[in-house]
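Visitor: A single structure is presented below for examination.
The values are calculated or read from the model by the stated rules, or taken from the named source; none is laboratory data. This structure is a prediction, so every number in the text was calculated from the model and none was measured. No Cβ is skipped: glycine too gets one built from the backbone with ideal geometry, and neighbour counts run over all protein chains shown. Side chains included, ligands, DNA and RNA excluded: accessible areas come from the protein's heavy atoms. Shrake-Rupley method; radii C 1.70, N 1.55, O 1.52, S 1.80 Å.
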Amino acid sequence: MIIDDFVVFDDNGLYCKYGDFYLDPKQPVNKAVITHAHADHAVSGNHHIYTTAATLAFMQLRYGKSAGKVIYTTNYNAAFNIGNVQLTFIPAGHMPGSAQILMEYEGTRYLYTGDYKLQPDATCEPYEFVKADVLITESTFADPGVMHPNPVEEIKKLNDIKINILLGAYSLGKSQRLIRMINEHAPQKKILVHHRIMPINAIYQKMGFELGNHQIYGRKLMKTQEEWIYIVPPFTFDSYFRATGVKRLFASGWKNLQVNAQDTLFISDHADWNDIIETVKQTEPKQIWTLHGNGTHLKNYFNNDIFVKLLS
């Protein structure tokens, strides 16, 4: 039997009272199950945290001792219990260590996706489909009008740009994916990386995710036109809005983050409409609960075939 209030939102985030834990809480809590290390899902200061080893490594880099007081790390597909709820981490394909959370309680399976993508990505574990009675899916791009283009074709756009490129990207996850893809599909480019990104790259290398050639930024290098690509985090990208002698691009699935209508690089680490529909098909849920976006389109699409509830 599906329990309608198995997870609910309160002031701290998404709460499961049947196991007394939060999923990706917004504020520090006693027990936090964390899907991945992006700051909007992994806050510092939780007492008990449950996550993958990779997510913990990134959290410790960012937060140090504040990552969590009592830490439990578990491998993918290895079940563990919090109270009477059995949990299992399933690869989510979003970034290294990212996990869907399969929760089993009184014979019912609830699958919380966290952030996820189905697109191939050599810099993280691929998404894994599992069956569940309730699919609790992120809905960031749950809109029939949003279809992510092929990321390889997007990266190949860089081959046509012969001047240096200032490439904005999120430091954790997106930057590393870009480095690997540029090395594979625009190998003549020379990659420079902002100093804040380099320690994250080192963790990737330690985990066995090879990124390919890149080096730390040097001002003298960018003064020469040798098809350099300088990858920088958003705050640096925004501060270089008057940069000369470079083509400015920002890698994102969001239209509003593109520099202009002509200079676009649509590379997203989230599921688009078709991916969400495929996930529903493979998961075979009796119900769909949506969050982190607008679930209205899914509700209209499935109509009476599958019950859709908007959590947020």
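Visitor: Just checking, how many residues over region 4-34 are at positive phi and in a loop (DSSP other than H, G, I, E, B)? Step through it out loud before you land on a result.
Guide: Taking region 4-34 first, the residues at positive phi are 13, 20, 24.
Now narrow it down to the ones that are in a loop (DSSP other than H, G, I, E, B): 20, 24.
The qualifying residues number 2.
Visitor: Is there a residue being outside any loop (DSSP other than H, G, I, E, B), within 21 Å of ILE267 (Cβ to Cβ) and touching a helix residue (DSSP H, G or I) at 6+ places or on another chain (Cβ under 8 Å) anywhere in region 142-153?
Guide: Taking region 142-153 and keeping what is outside any loop (DSSP other than H, G, I, E, B), we get 151-153.
From the residues that got through so far, the ones that are within 21 Å of ILE267 (Cβ to Cβ) too are 151-153.
If we keep only those that are touching a helix residue (DSSP H, G or I) at 6+ places or on another chain (Cβ under 8 Å) as well, we get 151-152.
Scanning region 142-153, I find at least one residue that is outside any loop (DSSP other than H, G, I, E, B), within 21 Å of ILE267 (Cβ to Cβ) and touching a helix residue (DSSP H, G or I) at 6+ places or on another chain (Cβ under 8 Å), so the answer is yes.
Visitor: Hey, another quick one. Please pick out the residue among ALA42, ALA37, ALA78 that is surrounded by fewer than 16 Cβ atoms within 10 Å (Cβ to Cβ), under 22 Å from the mean Cα position of the chain (by Cα), modelled with pLDDT of 95 or more and assigned to a loop (DSSP other than H, G, I, E, B).
Guide: On the way: ALA42 fails: surrounded by fewer than 16 Cβ atoms within 10 Å (Cβ to Cβ); ALA37 fails: surrounded by fewer than 16 Cβ atoms within 10 Å (Cβ to Cβ).
Being surrounded by fewer than 16 Cβ atoms within 10 Å (Cβ to Cβ), under 22 Å from the mean Cα position of the chain (by Cα), modelled with pLDDT of 95 or more and assigned to a loop (DSSP other than H, G, I, E, B) holds for just one of ALA42, ALA37, ALA78, which is ALA78.
Visitor: Residues that are open to solvent by 40 Å² or more (accessible area, probe 1.4 Å) and farther than 26 Å from PRO96 by Cβ, at least 2 per element: which helices (runs of 4 or more DSSP H) completely within region 199-294 meet that?
Guide: Details: elements: 219-222, 234-239, 273-283.
Correct list: 219-222, 234-239.
Visitor: Kindly indicate which of MET59, MET1 is hydrophobic (A, V, I, L, M, F, W, C), assigned to a helix (DSSP H, G or I) and modelled with pLDDT of 95 or more. Lay out the reasoning, then the answer.
Guide: Working: MET1 fails: assigned to a helix (DSSP H, G or I).
Among MET59, MET1, only MET59 is hydrophobic (A, V, I, L, M, F, W, C), assigned to a helix (DSSP H, G or I) and modelled with pLDDT of 95 or more.
Visitor: Under 6 Å between Cβ atoms, at least 6 apart or on separate chains: pull out the pairs that start in region 245-258 with a residue that is touching a residue at least 40 places away in the same chain (Cβ under 8 Å) and end on any residue that is of a type in the set (Asp, Glu) and surrounded by 13 or more Cβ atoms within 10 Å (Cβ to Cβ).
Guide: Within 6 Å, the pairs are LEU249/ASP263.
Visitor: Here's another thing I want to ask about it. Could you give me the residue pairs with C-beta distances under 7 Å whose first residue belongs to region 144-170 and is without any contact (Cβ under 8 Å) to a residue 40 or more places away in the chain, whose second residue is surrounded by fewer than 21 Cβ atoms within 10 Å (Cβ to Cβ) wherever it lies, and which are 6+ apart or on separate chains?
Guide: VAL152/HIS185; LYS156/HIS185; LYS156/ALA186; ASN159/ALA186
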